Amino acid sequence: MGFLHLFIVNKSGGLILHRPLGPNAPRIGTNEWLRIGSTFHSLHAIAAEAGPTKLPGNKNSSGADDGIEQIEGGGLVLKCLQTRTGIKFVLTAEPGTPDLDTVLREIYVLYSDCALKDPFYELEMPIRCELFTNAVDNLIERVEAGGMKSR
């Protein structure tokens, strides 16, 4: 059990952050990550339109557009949190990794606290905020050491 990758996709489908989160994370090149980000964005949009059931107002419980929330398969769990502004936080992990929803929400809080408050960060652009990446690393270490604890 463990976390593999975090990637964040902006509302236009551009990859704004990708980082491995554990030693078992496969090594993937930057071009492949860009392709993965844009492909996931497209699949998310298609799933929102092609789903057999529609949520009221085509919105999920967090108020964001309906779409892919979780995919499980062959040794991998992919969990997505889409914000109301269209940014998708995607976490991949090994099956059985606990607290994926909580970790994704915490990463969103860290993004709001660290990246969005950085005066040099521009929305929709790649995240180059050391404070954010360090906070994510600390969160993952804390979760893997003993589960989620409040800050």
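All but one of (1) of a type in the set (A, V, I, L, M, F, W, C); (2) modelled with pLDDT under 90; (3) open to solvent by 60 Å² or more (accessible area, probe 1.4 Å) hold for residue 76; state the number of the condition that does not hold.
(2)
Within the stretch 1-35, restricting attention to residues that are aliphatic (A, V, I, L, M) and not in a loop (DSSP other than H, G, I, E, B), which residue is farthest from residue 75 (Cα to Cα)?
Of all residues in the stretch 1-35, those aliphatic (A, V, I, L, M) come to 1, 4, 6, 8-9, 15-17, 21, 25, 28, 34.
Right, trim to not in a loop (DSSP other than H, G, I, E, B) and you get 4, 6, 8-9, 15-17, 34.
Details: 4: 11, 6: 16, 8: 21, 9: 23, 15: 24, 16: 26, 17: 23, 34: 22 Å.
Here the residue is 16.
Do you know which residues across the stretch 94-143 are of a type in the set (Asp, Glu) and either modelled with pLDDT of 90 or more or surrounded by 16 or more Cβ atoms within 10 Å (Cβ to Cβ) (or both)?
First, pick out the residues of the stretch 94-143 that are of a type in the set (Asp, Glu): 94, 99, 101, 106, 113, 118, 122, 124, 130, 137, 141.
Result: 94, 101, 106, 113, 130, 137, 141.
Please name all residue pairs, on different chains or six or more residues apart, with Cβ atoms under 6 Å, provided the first residue is in the stretch 124-144 and is without any contact (Cβ under 8 Å) to a residue 12 or more places away in the chain and the second residue is assigned to a helix (DSSP H, G or I) and open to solvent by less than 80 Å² (accessible area, probe 1.4 Å).
none
Quick one: what pairs do we get from the stretch 18-41, first residue farther than 14 Å from residue 4 by Cβ, second open to solvent by 50 Å² or more (accessible area, probe 1.4 Å), C-beta under 7 Å, 6+ apart or different chains?
Going by the 7 Å Cβ cut-off, there are no qualifying pairs.
I want to confirm something. Restricting to the stretch 1-46 and keeping residues that are more than 26 Å from residue 85 (Cβ to Cβ) and of a type in the set (A, V, I, L, M, F, W, C), which single residue is surrounded by the most Cβ atoms within 10 Å (Cβ to Cβ)?
Going through the qualifying residues, I end up with 25.
The values are calculated or read from the model by the stated rules, or taken from the named source; none is laboratory data. Because the structure is a prediction, the values reported are computed rather than measured. Cβ atoms come from the backbone with ideal geometry, glycine included; neighbour counts cover every protein chain shown. Note: areas computed on protein heavy atoms with side chains; ligands, DNA, RNA excluded. Shrake-Rupley method; radii C 1.70, N 1.55, O 1.52, S 1.80 Å.
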